[in-house]
């Protein structure tokens, strides 16, 4: 039987978002991978502080948007709404945005796309890494788009050209045999998010890398039932690749930092006494996990304020 070859970007998109793709399985994302959102309430507490700083910078508007872009199971948005005090909740307009259906018994707005205009805070936690992009490999002469078969076998395809090639040359130059994921589509998606902002801030949080330390083999990976598996574009696994954080940060004035630095700046280690040594020990362990450079501490944060001054 003749092998059918498909460009990796196209196969990736269909495997995630096609009619029988991974996001339409109806399974909760937490069944397949664990992330910072699932480590207690430390992240939600810190982001609630960022929301309060945004609210203050905006002059405490009558309506304050809080948008969780790529909400997954909705855990982060739900936790942040619970943390908000009653006066803020009366002004808060929370929205979860995801292509997945809303979880059972979900009570907050659940949208398929970003609200048209936003005044407040948009949080994209591991959203950009799920945007498919060209997978390329340098053959000694050109960066060639990789093709893939249904069983995950790969081969070299056509040479990369146009804006994608210009992005690669600027942000991820390759040597012979090296691979990359071309982040132009992610940058454009983030630019689109920023266009929706009337005032406030947009925050992207993702595993990522910088030009000075790009991985020579790329970062395309797959996860199924909590385990990393071989990337196969058959809809059975979550396909993801790390984000070029410096190209993202360069799109607009803002702040680029590590998760550890961001959590420190937002007071994660300065929470009041929690009432028992056990609770304090649990929180200390959660902070350690969230700031471990070999784990969730490897996340990068990119914050882009719009029409406000908001240092992080």
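Each label point is 7 Å from the Cα along the Cα-to-Cβ direction; what then is the distance between the points at residue 225 and residue 17, in nm?
Each label point is offset 7 Å from its Cα along the Cβ direction, giving 2.8 nm.
With the chain treated as a Gaussian network of Cα nodes joined by springs under 10 Å, which of 161, 236, 276 yields the largest mean-square fluctuation?
Greatest mean-square fluctuation among the candidates belongs to 276.
Return the equivalent ellipsoid semi-axes of the stretch 64-145 as a descending list in whole Å, where each equals the square root of 5 times an eigenvalue of the C-alpha gyration tensor.
One finds semi-axes of 35, 14, 11 Å for the stretch 64-145.
Please arrange 306, 257 by counting, for each residue, the other beta carbons lying within 10 Å of its beta carbon, fewest first.
257, 306
Top mean-square fluctuation among 177, 120, 70, Gaussian network model of the chain, C-alpha springs under 10 Å?
177
Is it possible to state the helix-based mean residue ellipticity at 222 nm for the chain, with each DSSP H run of 4+ residues giving -39500 (n - 2.57), the sum divided by total residues, to the nearest 500 deg cm²/dmol? What is it?
-8500 deg cm²/dmol
P(r) for the stretch 1-150: what percent of alpha-carbon pairs falls in each 10 Å bin, starting at zero?
10, 33, 28, 17, 10, 3, 0
By what distance, in whole Å, do the Cα atoms of the stretch 112-153 stretch along each of the three principal axes, largest value first?
Over the stretch 112-153, Cα extents along the principal axes are 48, 27, 17 Å.
Fewest to most neighbouring Cβ within 10 Å: what's the order for 212, 41?
Neighbour counts put them in this order, fewest first: 212, 41.
Once you've got the GNM for the chain with C-alpha springs shorter than 10 Å, pick whichever of 226, 74, 297 has the biggest mean-square fluctuation.
Judging by the Gaussian network model, the answer is 226.
Could you work out how much longer the chain between residue 211 and residue 251 gets when fully extended? Use 0.36 nm per residue separation minus the Cα distance between them, nm to one decimal.
Fully extending the segment from residue 211 to residue 251 adds 12.9 nm.
Roughly how compact is the stretch 110-191, stated as its Cα Rg over 2.2 N^0.38 Å to two decimals?
1.36
P(r) for the stretch 152-220, please, calculated from all Cα pair distances in 5 Å bins and given in %.
Once binned at 5 Å, the Cα pair distances of the stretch 152-220 give 3, 12, 21, 22, 17, 12, 7, 3, 2, 0.
Please label the shape of the chain as rounded, prolate or oblate, based on the square roots a ≥ b ≥ c of the eigenvalues of the alpha-carbon gyration tensor (a/c under 1.5 means rounded; beyond that, a/b larger than b/c means prolate, else oblate).
Prolate, since a/c reaches 1.5 and a/b exceeds b/c.
Roughly how many nanometres apart are two label points built 7 Å out from the Cα toward the Cβ at residue 56 and residue 99?
Placing both labels 7 Å beyond Cα along the Cβ direction yields 3.9 nm.
How high is the relative contact order of the stretch 83-145, in percent, counting Cα pairs under 8 Å that sit 6 or more residues apart?
19 percent
Restricting the count to DSSP beta bridges whose residues both fall in the chain, what percent are antiparallel, rounded to a multiple of 5?
55 percent
Along the Cα-to-Cβ line of residue 141, 7 Å from the Cα, sits a label point; which residues in the stretch 162-188 have backbone N less than 15 Å from it?
Zone members listed by number: 176-177.
Suppose the chain between residue 170 and residue 25 were pulled fully straight at 0.36 nm per residue; how much longer would it get relative to their current alpha carbon spacing?
So the chain would gain 48.4 nm between residue 170 and residue 25.
With N set to the number of residues, divide the alpha-carbon radius of gyration of the stretch 169-310 by 2.2 N^0.38 Å and report two decimals.
Dividing the Cα radius of gyration by 2.2 N^0.38 Å gives 1.24.
Between residue 159 and residue 269, what is the spin-label point distance in nm, taking each point 7 Å from the Cα along the Cα→C-beta axis?
Simple spin-label model gives 5.2 nm for this pair.
Grab the alpha carbons of the stretch 83-238, take their convex hull, and tell me the volume per residue in Å³.
Cα-based convex hull of the stretch 83-238, divided per residue, equals 164 Å³.
Values in this text are rule-based calculations from the coordinates and carry no lab data. Since the model is a prediction, treat every value here as computed from it, not as a measurement. Every residue, glycine as well, gets a Cβ built from its backbone with ideal geometry; the counts of neighbours run over all protein chains shown.
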